[in-house]
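The values are calculated or read from the model by the stated rules, or taken from the named source; none is laboratory data. No experiment lies behind these values; they were computed from the predicted model shown. Cβ atoms come from the backbone with ideal geometry, glycine included; neighbour counts cover every protein chain shown. Ligands, DNA and RNA are excluded from the accessible area calculation, which covers all protein heavy atoms including side chains. Shrake-Rupley method; radii C 1.70, N 1.55, O 1.52, S 1.80 Å.
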Amino acid sequence: SITVLRNDQALPLSTGKKTLAVIISDNDDYRTEINRSSNYNPNERVGDYLISELKNRIPYVQAVRLSPRSNKLDFESALTQMQLSETIIISLFVKARSGSNNIGLPQHLVNFVNEWIVTDTTKKSKNNIVVSFGNPYILAAIKPPLQKGAVVCTYSDGEFSTEALVEILCGETEAKGKLPITIPDAYSFGSGLTVARSTLYEDKYKSETRFFRVDSIISSAVKDNTFPGAQLMVVKSGEILHKKNYGQLDY
């Protein structure tokens, strides 16, 4: 269901770039429900799992957090780190809460995001990724990056959505979700780009004929009694490209 609404030379991310996750939440005490057996906390800070998943793939990841109670110093600190980073993932954690009588981000948070996007895209120096976790209607208030940017919807802040999002950002899986709603003055029903998986470079690597020479070397060794048997496995980016058994267990 992960939906890529815009992609201007932004996805997949380059894992060698200095990356900053800007975690923006609509609530000062936003907590994410956790179902992982490896996590003993019933909930954790917003964005923690996103940062963890990014760090598994990108060596240079930092994070800043902004919420309705963030002050001028918080914004200045965040802006400094954004200026020093090459890729900025602006993560909007917004969801409907019973009895809150409010859905969306305070205007000063919206202004901060929009001012950064307008200022930065003029310089053409950063890769800005805007991600909506939860309520996608917030994107009606956010200006889309015009150059080297992307806009993505996840519809949830849960673990499965977070994992799928990071896989798509890093090119590990194909994005093909479609928007199930219309976001007024922004995106129409059914919008959604297809972003192909890129980590395997399938046309270049995933071909039986490309391993024929290696196969022949191992088969010759077995025939010459160098060893009775062998197994060859070629793995790239966590995916098995080639797997084959040769010979027998013993002579």
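Number of residues in the range 103-130 that are within 24 Å of Ser188 (Cα to Cα), crowded, with 23+ Cβ neighbours inside 10 Å and modelled with pLDDT of 85 or more equals 3.
Scanning the range 135-157 for residues that are at pLDDT below 85 and open to solvent by less than 20 Å² (accessible area, probe 1.4 Å) returns a single hit, Pro145.
I want to confirm something. Restricting to the range 232-251 and keeping residues that are in contact with a Phe, Trp or Tyr (Cβ under 8 Å, 6 or more places away or on another chain) and surrounded by 15 or more Cβ atoms within 10 Å (Cβ to Cβ), which single residue is modelled with the lowest pLDDT? The residue in question is Leu241. The set of residues from the range 196-231 being hydrophobic (A, V, I, L, M, F, W, C) and at pLDDT below 90 comprises Ala196, Leu200, Phe211, Phe212, Val214.
Considering only residues of the range 158-180 that are within 17 Å of Ala10 (Cα to Cα) and of a type outside the set (A, V, I, L, M), which is most open to solvent (accessible area, probe 1.4 Å)? That would be Lys176.
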